Each structure stands twice: as structure tokens, then as C-alpha cells.
Amino acid sequence: MSDVSEILNTPSSAIAPVASSKARPSLVGLTRLEMGDALRAIGVPDREIKMRVGQLWHWIYFQGARSFDAMLNISKAMRVKLEEHYSLDLAEVVSEQISKDGTRKWLIRMLPVDAHDKGAEIECVYIPERHRGTLCVSSQVGCTLTCTFCHTGTQKLVRNLTTQEIVQQLVVARDRIGDFPGMVQPTDGMLPSGEGVRAVSNIVFMGMGEPLYNFDNVCDSIGVMSDGDGLSLSKRRITVSTSGVVPQISALGHEAGTMLAISLHAVRDELRNTLVPLNKKYPLKDLLNACRNYPTLTNARRITFEYVMLKGVNDSPAEARELVRLLKGIPAKINLIPFNPWPGTQYECSDWDTIETFSDIVFNAGYASPVRTPRGRDILAACGQLKSETEKLRARARLALDEEDELED
């Protein structure tokens with residue numbers, strides 16, 4: 001595992017707002033601080049900045065406004081000035097596929113960051129269920145990791161997504177499925193329903209990339225997504241999944257306060273070194289110690305451990321018992337994931353009887369051990385099936401489809 005390149009540590013504040021096709025930077029996806037800086041740049045006095053940011057924040061993130069003209073509590077002169085210098089452009093949905101189970105997969109082309117950028121392409125997947133809708137977002141274009149069971153791991157990292165590009169995935173999704181006030185929702189697929197239920201109620205950072213190798217931008221995007229005056233997602237409904245970047249795990253809990261998921265997949269270092277090569281740098285002992293000390297960890301805010309079921313590789317009863325031993329003392333939920341094949345893979349999914357036996361051992365030891373129902377297989381949108389080839393080819397993103405079922409705001 002090589003060290004992360006310098007670009008991975010570029011803070012969002014060092015990156016200019018995303019430029020639109022009309023060469024006007026978009027305000028959609030900016031943090032409050034960035035939005036304030038954008039207003040100062042066009043001469044808004046400091047004494048007005050907080051008020052103006054609050055107005056824009058409400059219209060962009062709560063109302064989903066796509067035009068400055070809709071912002072009727074902002075003076076016409078200010079709206080004209082905003083229109084001259086900025087846009088409310090969103091990343092482009094290049095294509096949409098809808099699975100027979102209602103899962104939607106969008107190929108999204110990000111707005112160009114400069115005149116030489118054609119716009120990074122990623123995939124974002126929306127998984128509707130009866131009482132919630134989960135959006136799987138990406139944090140990088142490509143991936144630094146080479147997990148052998150994951151299709152995304154077969155392509156190299158291009159760059160981090162900016163805070164703005166991460167937030168725009170949520171705004172695009174809500175815009176696409178009518179999840180802002182007054183919008184009409186599509187009727188060609190299942191959407192969650194019920195009093196107070198939003199179509200997008202949960203976020204999982206389980207798409208393309210390793211979120212903790214884009215730490216600053218991921219944390220800043222969570223701040224925007226969870227802001228109660230705008231997109232207003234509970235941090236208990238935001239899960240960040242990591243393959244085990246141990247030094248950043250504690251910081252994630254302190255700075256972002258989200259739920260944590262660990263891509264575990266093996267109970268022995270020698271096997272995990274093959275399945276998740278990052279383990280060579282941060283072995284199981286260090287990873288599990290970091291989990292035990294995760295700042296927000298309680299019985300009500302358990303860590304989710306993801307375990308892909310690979311036939312004859314990691315699915316024996318002995319490994320189930322070792323998994324229970326390893327996680328002793330950690331409030332945990334264990335998601336067993338039937339392996340989803342992709343072209344060229346060397347692995348097969350475990351037999352169903354084997355998965356059930358493994359699940360029973362874990363369950364009888366006192367851990368919730370749901371077997372994740374594959375979603376979107378018919379459009380290659382299930383966990384591990386997707387691959388991004390970024391700016392040269394269409395993007396594909398690995399995703400996961402579950403969250404803590406019992407969590408409430």
C-alpha cells in the first residue's frame with residue numbers, strides 16, 4: 001500500500017467553487033464559509049454576509065431553488081448581481097437506469113473545475129425502501145485501494161471529489177426524485193412514504209473511493225448535509241464506511257459524529273492482506289482497537305462490520321466463531337453481503353446454506369447479523385458490481401445498500 005499522494009490532502013478551501021458551463025461558478029454545494037467568501041468577492045458588505053448566506057442557504061438547500069429569481073426575500077438588485085457572477089447549476093445526469101426493484105443508478109458528470117476539465121464522471125445509487133431511501137455517494141474519482149473482490153478496486157485513483165461535488169450528489173438526487181418542497185415525485189418506481197419521511201433519508205459513503213483518504217472534504221460535506229436549516233439529514237442517518245484507515249477513525253467521530261462502518265471481510269491478517277491490502281499497513285489488531293475507542297460508540301450507535309461472503313474463502317463456521325471472538329466488547333452489527341459477481345472476478349458467492357450457518361453462529365453469539373438483500377443486480381448496481389473508469393470511460397461505483405434499521409432521528 002503506497003502512501004496517499006499530495007492531492008488527497010487538498011482541503012476544500014483550497015479549491016475554487018465548481019465552474020458551470022457558462023463560466024459562472026455554481027453556489028450549490030458550498031459550505032457556509034465558502035458561500036460567505038463568494039458573497040464578499042462580489043462586494044457584499046461584511047455586516048450583511050451572515051444574513052445573505054442564511055437566505056441563500058434556505059433557498060438552495062431547503063427549497064431546492066434552481067433560479068435566483070425564485071428567492072423573493074432577496075432584493076431584485078442583489079438577485080441580478082448574483083445572476084451576473086454565479087449560477088445554481090447542478091452536475092449533469094448523463095444517464096439513468098432503474099432496476100425492477102426500484103433502485104436507481106445515475107451516471108453523473110460533475111461540473112468542470114476549470115477550462116481544461118471536462119468534468120469527472122461518477123455513479124450515484126439510490127435505494128428506496130418502504131420507510132426510508134438510502135443514497136450511496138462517492139468520495140473519490142477512482143480508488144487508492146485494490147481490494148481484490150471489488151470491481152472499483154481494479155481502477156486507479158484520479159483525484160478526490162471536492163466538498164461541493166460530494167454535496168451535489170445529494171442535491172442532484174433530491175432534485176431528480178422530487179424530494180424538495182413542491183416538486184412532483186416520479187411514479188416509475190418505489191419511493192418511501194409516511195408522515196415526515198423524505199425520499200432521501202439516509203446517506204452512506206460507500207461508493208467509489210476511500211472516504212478517510214479525502215477526510216477534510218468528506219467532513220465538510222457532512223456538515224452541509226446535516227445542517228438543520230437546509231438539507232437537514234441526521235448524523236445518525238449518515239454512515240461513513242472505511243476499509244480501515246486507522247489514524248483517521250477517531251478524528252471522524254470527533255469531527256463528523258456520524259455512524260461508522262468497517263469493510264472487514266476477513267478474520268485473519270494473512271487473508272485480509274489479500275482481500276483488503278490496506279490491512280498490511282493497518283492490521284486487524286490496530287483496526288479493532290480504533291473501533292473500540294470510536295468517540296460516538298454506544299449500544300444505540302453500533303459500528304457496522306461489512307463481511308462479503310466468498311465461497312471457500314472466508315465463509316467457514318470456524319471463521320464465524322473467530323469473528324465473534326474478535327468483536328467481543330464492541331457494540332456491533334454484522335452485515336453479511338452475498339458476493340455480487342462482476343466480469344473477470346476470481347470469486348464466487350457462498351452457497352445459501354453456508355451463509356445461513358455463518359449467520360446463525362454470529363446471531364447466537366448476540367450480534368445482529370442480517371444478510372443483505374442484493375439490490376439493483378439487473379442494472380449492475382449491487383454491492384461490488386460497479387466500476388469507474390472516470391474521464392476516459394463511463395463511471396461505475398461500488399456501493400452498499402444498508403443502514404442501521406432501528407435508528408431513528
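When the Cα gyration tensor is reduced to axis lengths a ≥ b ≥ c, the ratio a/c is 1.5 or higher for segment 58-137, and with a/b not above b/c it is classed as oblate. Using the Stokes-Einstein relation with a Kirkwood hydrodynamic radius computed over Cα pairs, the translational diffusion coefficient of segment 282-350 at 20 °C and a viscosity of 1.002 mPa s comes to 158 µm²/s. Taking amide H positions as modeled 1.01 Å from N, with prolines and chain starts lacking one, the residues under 5 Å from Leu157 and 5 or more places away or on another chain are Cys143.
Protection proxy ranking, highest mean first, for peptides 114-120, 289-295: 289-295, 114-120, where packing is the per-residue count of other beta-carbon atoms within 10 Å, averaged.
The residues Leu72, Leu233, when put in order of fewest to most other Cβ atoms within 10 Å, stand as Leu72, Leu233. Restricting the calculation to alpha carbons of segment 92-379 gives Rg and Dmax of 18.7, 58 angstrom. A cut-off of 5 Å between modelled amide H atoms, ignoring neighbours fewer than 5 places along the same chain, links Asp101 with Gly376.
Computed extension length for Ala115-Ala41: 24.6 nm, one decimal, from 0.36 nm per residue of separation with the Cα-Cα distance subtracted. Residue order for Thr354, Thr162, Thr31, fewest other beta carbons within 10 angstrom first, comes to Thr354, Thr31, Thr162.
Looking at segment 104-152, I'd like the Rg to Rh ratio, where Rg is from alpha-carbon atoms and Rh is Kirkwood's inverse mean 1/r.
1.07
Principal axis extents of the C-alpha atoms in segment 27-85 (largest first, rounded to whole Å): 25, 23, 18. Phi-derived couplings, Karplus 6.51 cos²θ - 1.76 cosθ + 1.60 at θ = phi - 60°, listed residue by residue for segment 294-307: 4, x, 9, 5, 8, 5, 8, 10, 6, 7, 8, 9, 8, 9 Hz, with x used for Gly and Pro. With θ taken as phi - 60° and the Karplus curve 6.51 cos²θ - 1.76 cosθ + 1.60 applied, the whole-hertz 3J(HN,Hα) list for segment 64-75 is x, 4, 10, 8, 5, 4, 6, 8, 6, 8, 10, 4 Hz, x standing for glycine and proline. Sparsely packed loop sites in segment 320-365 (the GluC sites (Glu not before Pro) outside DSSP H, G, I, E and B with at most 13 other Cβ atoms within 10 Å) comprise Glu348. Centre-to-centre, using Cα atoms only, segment 195-254 and segment 26-101 are separated by 22 Å. Placing +1 on the Cβ of every Lys and Arg and -1 on the Cβ of every Asp and Glu, with nothing else charged, gives segment 92-379 a dipole about its Cα centre of roughly 600 debye.
When restricted to Cα atoms, segment 204-361 yields an Rg and a Dmax of 16.2, 50 Å, respectively. Taken one residue at a time, the phi angles of segment 94-104 give Karplus couplings (6.51, -1.76, 1.60, θ = phi - 60°) of 6, 8, 9, 10, 10, 6, 5, 9, x, 5, 10 Hz. Gly and Pro are set to x.
Read-outs throughout are calculated quantities, based only on the coordinates presented, and are distinct from any laboratory measurement. Computed from a predicted model, the values in this text were never measured in an experiment. Reconstructed Cβ throughout: ideal geometry from the backbone, glycine too, with neighbour counts over all protein chains shown.
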